[in-house]
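Down below is the structure, laid out as structure tokens.
The values are calculated or read from the model by the stated rules, or taken from the named source; none is laboratory data. From a predicted model like this one, the values you see are computed outputs, not experimental measurements. Cβ atoms come from the backbone with ideal geometry, glycine included; neighbour counts cover every protein chain shown. These area figures cover heavy atoms from the full protein model, side chains too; ligands, DNA and RNA do not enter into them. Shrake-Rupley method; radii C 1.70, N 1.55, O 1.52, S 1.80 Å.
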Amino acid sequence: MSTETLIKVEGVSKKFCRDLKKSLWYGMKDLGSEILGHRHEEKSKLRAEEFWAVKDVSFQLNRGECLGLIGRNGAGKTTLLRMLNGLIRPDSGQIKMHGRVSALIALGAGFHPLLTGRENIFVNASILGFNHREVIKRFDEIVTFAGLEDFIDSPVQNYSSGMHARLGFSIAVHCDPDIILIDEALAVGDMEFVIKCINCVGQLRQQGAAVVLVSHNELLVRDVAQRCLLMQHGESILFSSLDDAFLTYRTHLTVENVVRRVENGLVRNGPIRVTSVDVESTDSETIHHGSDITVKIICTSDAGCKTDEFELRFWNSSGQLISTICANNSGYGFDIQAGASRFMIKISALALAPGRYRLAGGFKRQGQFQFWSTELKQLEVAPTPWHNSGSGILILEAIVEGPIPVEGKNV
Amino acid sequence: MQRTTDKGPLPIITYTPDSSLVSPGKMLRDMFRDLLASRELAWRLAVRDISAQYRQAFLGILWAFILPLANTLTWIFLCETGIISVKETALPYPVYVFSGSMLWAILMDAVNAPLQQTNAAKAMLAKLNFPRESLVISGVYQTVFNAGIKIFLLLAVLTFLGIAPGWHLLLFPLGLLSLVLVGTAIGLLLTPVGVLYSDIGKGLPLLMQFLMYLTPVVFPMPKSGIAATIYAINPLTPIILTSRNWLTGMPSESLPGYILVNILALFLLVAVWILFRLAMPILIERMSS
């Protein structure tokens, strides 16, 4: 495959206006200077109430590459994507796009609710620049991929939002794009469809498409992208490998946001209260993938109480439950005395991929929580220092039996 | 997911902050490329809108001519009861009003279409990149479709009333074309500002109502006074008069004016087309994403 550059972005900036009235008025002014054919010098200054939504971003993307665009809400990711799609023009800099672009920014935009799925496929495909003959050739493929064989002749207004998105995605990827722009579009589908989409995007990439993906889902980005562009306040602060980008992303997230979040999450109180939780690594300075850790819990109780177990849940930054650990003191439970007490839970070889986790949990008695907090502690798991892949490969000792010949088969 | 089409050299698109007027040659090429590319899409959008429009309406295609019909009945009523008195017309007054109202309604449709189409497609415009011309062309298709219904009805009524159009009827498609041309040019001129400020969309029906009384739609041409001058310089006058004359078999009285207005409208249309193209990215930026 040739390493042809499909997307070339050079020092691109875009400004937006906070105030609606001013924004409309600036629109009129821009229209005027557009008609007079002005060049862009005066565009690179901010007027009152304006701010840079995207500032001086540059990158390149070759055939067969996938770029993950990450950053917090309002970092300018979508604006950048809209400029790549040619919906809005940059205020400075230049964008060069080679080939047919398929944007999955809003799946099914342009669907008419009263028309059937069949009719909408033709309309939508021609919006994406696909002609009638090509659609007829691909029609069955589109319907099958979307899994809508039974609903293709009912009006689109009767579709669920997932079906809507499925049909939109299916049309967009069947239009032979050279460049695919995806903006959180996969978030609405169910698991099965998301996997189908990831495979499909991967396949298009192997066939030589360049993909730009905006997502907050770290796992998804890790699955499809090779490189990341991290954006903050409109500026690209890092264009690098996935690990570096996500590490920086999480660090920025911590400094600015997480610390100021609700002190102890959502707390349910009972006869017992957890006052502090600390997580330490027993073998090194930082907690990394595969280290042995100790969770130190200090709790208070007014009258003392009996509890069966302490449950600890690990949530990842995309809000998925990754692991639940129950400490039940070998089935005896804990007798908590009145006043403050402290106990420790030891976890060996922490099998969590590098990333930021939220620890939730609490004390349980007969299956009911006596105390519960949605955020006991934030935990940052670093990549294993001796293993630089960083994508979460835990090396465990495994016993290998064999090779043993299998009868009757030529394996 | 096998690629079926074997594409030639990749199309390269460059986005820069410069106004496209800086390189007029490239702009003209782009304009005609997009116009060509929007043929099929425009057709699909028109079919989509027309079939959806009549699918949800109980009265269906009646909506294409209910307004001009009501207008006609109002004026016939006003005239017959003597509330207002209208000067003698060469045609019977009901025929004069009915044909005038129908033609005016076609012009109105054409004026409204570009802004209406653009506003209705806001969600699509903010999220998808497609040749924007297709919206305007789709609007023209829909205007022509609705005009077809009106003219069919008009011809049926004329025949019933004993008005024979004669061979002039063959010229009428030209008249229809100029109604659409003039209407689209005016409508497209208002679109860029109309998308930004809703005042235009709200004020337009008011303005058109007023313009109707300055055009020989329900009144015949005044012979003298200030009104005569206004009617005479109103560029819409020759369009309406000539179309009506062709339709009803009357001699065409204002042919030079008609040709002049059409040529001017053609120039205006090209100019506002450029304006529309320049304006689109600025407008989309200010639509919600």
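Brief remarks on what is shown
- Taken over the stretch A:356-374, the residue count meeting the criterion of being open to solvent by 10 Å² or more (accessible area, probe 1.4 Å) and either outside the structural domain of A:Phe334 (by TED's automatic domain parsing) or not small (Gly, Ala, Ser) (or both) is 11.
- Residue match in the stretch B:14-26 (condition: touching a Ser or Thr at 6+ places or on another chain (Cβ under 8 Å), assigned to a helix (DSSP H, G or I), modelled with pLDDT of 85 or more and not basic (Lys, Arg)): no
- Restricted to helices (runs of 4 or more DSSP H) entirely inside the stretch A:64-149, those with at least 1 residues that are farther than 30 Å from A:Cys228 by Cα, open to solvent by 30 Å² or more (accessible area, probe 1.4 Å) and more than 8 Å from chain B (Cβ to nearest Cβ) are A:117-127, A:132-146.
- Residue check, B:Gly148 at positive phi and either modelled with pLDDT under 95 or touching a strand residue (DSSP E or B) at 6+ places or on another chain (Cβ under 7 Å) (or both): no
- Filter result for B:Ala105 (touching a Lys or Arg at 6+ places or on another chain (Cβ under 8 Å) and either of a type outside the set (Gly, Ala, Ser) or over 30 Å from A:Ser126 (Cα atoms) (or both)): yes
- Residue satisfying condition, being more than 7 Å from chain B (Cβ to nearest Cβ), more than 29 Å from A:Leu80 (Cα to Cα) and out of contact with any helix residue (DSSP H, G or I) (no Cβ under 6 Å at 6 or more places or on another chain), within set A:Ser161, A:Ser154: A:Ser154
- In the stretch B:52-68, the residues that are part of a helix (DSSP H, G or I), over 15 Å from A:Leu114 (Cα atoms) and open to solvent by 30 Å² or more (accessible area, probe 1.4 Å): B:Ile61, B:Leu62, B:Trp63, B:Ile66, B:Leu67
- Condition check for B:Leu266: under 19 Å from the mean Cα position of the chain (by Cα) and closer than 16 Å to B:Ile186 by Cα: yes
- A single entry from B:Leu189, B:Leu154 fulfils the requirement of being hydrophobic (A, V, I, L, M, F, W, C), open to solvent by 60 Å² or more (accessible area, probe 1.4 Å) and either more than 14 Å from every other protein chain (Cβ to nearest Cβ) or under 21 Å from B:Ala110 (Cβ atoms) (or both): B:Leu189.
- Answer from A:Val173, A:Val194, A:Val201 - the residue that is under 25 Å from A:His98 (Cα atoms) and under 17 Å from the mean Cα position of the chain (by Cα): A:Val201
- A:Asp190 being away from chain B (no Cβ under 14 Å), acidic (Asp, Glu) and either in contact with a strand residue (DSSP E or B) (Cβ under 6 Å, 6 or more places away or on another chain) or within 23 Å of A:Leu69 (Cα to Cα) (or both): yes
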